[in-house]
1. Give the long-range amide H neighbours of SER174: residues separated by 5 or more places, or on another chain, with amide H under 5 Å away, using H modelled in the peptide plane at 1.01 Å from N.
2. Rounded, prolate or oblate: which fits the range 18-124, taking a ≥ b ≥ c as square roots of the Cα gyration tensor eigenvalues, rounded meaning a/c under 1.5, else prolate when a/b beats b/c?
3. Using only the Cα atoms of the range 96-180, build the gyration tensor, take square roots of its eigenvalues as a ≥ b ≥ c, and label the shape rounded, prolate or oblate: rounded if a/c is under 1.5, else prolate if a/b is larger than b/c, else oblate.
4. Filter the cross-link list LYS67/LYS148; LYS3/LYS148; LYS68/LYS193; LYS2/LYS148; LYS2/LYS193; LYS3/LYS146 down to pairs whose alpha-carbon distance in this structure exceeds 30 Å.
5. Just name one of VAL23, TYR4, LEU34: the one whose Cα is farthest towards the positive end of the charge dipole of the range 2-217 (beta-carbon charges, Lys/Arg +1, Asp/Glu -1).
6. Using only alpha carbons, build the gyration tensor for the range 2-217 and give me the equivalent ellipsoid semi-axes, biggest first, whole Å.
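Derivation of every value follows stated rules applied to the coordinates shown; laboratory data play no part. Please read these numbers as outputs of a predicted model, since none were measured by experiment. Note that we place each Cβ from the backbone using ideal geometry, even for glycine, and neighbour counts take in every protein chain shown.
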Amino acid sequence: MKKYIAEFIGTFTLVLFGTGVAVVTGGNLVATALAFGLAIIASAYVIGNISGCHVNPAVSLAMYINKKLTLKEFGLYVVAQVLGAIAGTAVLYLILNNSSVGVSSLGANGYGVLSATDVSLFAAIVTEVVLTFIFVYTILGVTSDKSKDNIAGIIIGLTLTFVHLLGIGLTGTSVNPARSLAPAIFLGGTALKQVWVFILSPLVGAALASLVFKYLNTKK
């Protein structure tokens, strides 16, 4: 049970601070990227030894494919992560609803009218698959090398930061189905209609990263 509570807390932290900074800074590129990355670094050194600090269904899928989670554990991880993301968005909603900022965004991901650069559906899918592939492939690499245990959290957090630097202006950067689902639920409308892209694409990217990692990085 401890690892699922840890995943709830970690995802809560990631979503509250990542999307919160995005909203209150008006989508400032560097500030938002750093907020997501630093949230991962902080959580990694607090809950990493409890749950592995996945805080992302795409990461958990990769761990399941690589036989580091059972199917039951994978399912419970995802439930904890989604609930944590919803709780994080609920707290952000409460704060913003009692401020001059309002709740028109909540850091939702999107394409077309919801994209800062009006990217197409196809471009959004490609963006999320590629960014998630890079992020998850990095995670699999550093967590498989015991010599990198002390710096794994920093490497993963910085990787999340740099994928956000590219993705924020395109899709808002998901690479995490739980992070995308929560604000879409609260906002409804177009955000909710588009959220399937930001659930499916990161899962595809994570699966591809797992397969490539097995082929290239696993000793025969």
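1. When sequence neighbours closer than 5 places are left aside, there are no close amide H contacts.
2. Working: a/c = 2.01, a/b = 1.53, b/c = 1.31.
The shape class here is prolate.
3. Details: a/c = 3.21, a/b = 1.63, b/c = 1.98.
Oblate, because a/c is 1.5 or more while a/b does not exceed b/c.
4. Numbers: LYS67/LYS148 20 Å; LYS3/LYS148 22 Å; LYS68/LYS193 33 Å; LYS2/LYS148 24 Å; LYS2/LYS193 34 Å; LYS3/LYS146 21 Å.
Table pairs above 30 Å Cα-Cα are LYS68/LYS193; LYS2/LYS193.
5. TYR4
6. Details: eigenvalues 130, 70, 50 Å².
Result for the range 2-217: semi-axes of 26, 19, 16 Å.
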